[in-house]
Amino acid sequence: MSDFTIFSDDAEKVQRLMVAYQASVKAEYIVLCHRDGSIIAEVGSLGIDATPLAVLSTASFDSALQVGMMLGGENFQSVSYSGENRSIYISPVDQALLLVQIFPGSKLPNRIEDFNRLLVEKLVDAVPAFTQNTSRLVR
């Protein structure tokens, strides 16, 4: 169950930020999700239900954190995969939220870490609830 509240005004801010970001990095699809698999916002389309993608992305990111602990406490900031037709970049917004980005092709955009960091900062500025423990999603 999600542990934060996003009101409709905040949801609109998030949507606008993500649409602008999608255009600037040329992402095919972006989803902001809670680690329980709840979809908070999405832009673009994959033609499939994004909930399994959100759940699997959470599992993937959590697995990377476990690998980091095995390597002496390394705290990974992101996880990425390159495929033949698509690439994926997964990063946290805070402890409870992940940003999952799908790109066409086998390579991620140059400086994706910098662009992602700017988006995360803008999301947190726009919606302080992302870093506070509140109650639920309200659209």
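The values are calculated or read from the model by the stated rules, or taken from the named source; none is laboratory data. These numbers were taken from a predicted model, which means no experiment stands behind them. Protein only, heavy atoms only, side chains kept; ligands, DNA and RNA dropped before computing areas. Shrake-Rupley method; radii C 1.70, N 1.55, O 1.52, S 1.80 Å.
The table below lists the values:
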quantity: Criterion violated by Tyr29 - all others in (1) within 26 Å of Pro104 (Cα to Cα); (2) open to solvent by 40 Å² or more (accessible area, probe 1.4 Å) satisfied; calculated: (2)
quantity: Single condition Asp10 does not satisfy, out of (1) under 22 Å from Val127 (Cα atoms); (2) assigned to a loop (DSSP other than H, G, I, E, B); (3) of a type outside the set (A, V, I, L, M); calculated: (2)
quantity: Residue check, Asp94 open to solvent by 10 Å² or more (accessible area, probe 1.4 Å) and more than 21 Å from Glu12 (Cα to Cα); calculated: no
quantity: Qualifying residues in the stretch 70-88 (those that are among the aliphatic types (A, V, I, L, M) and open to solvent by less than 100 Å² (accessible area, probe 1.4 Å)) - the one modelled with the lowest pLDDT; calculated: Val79
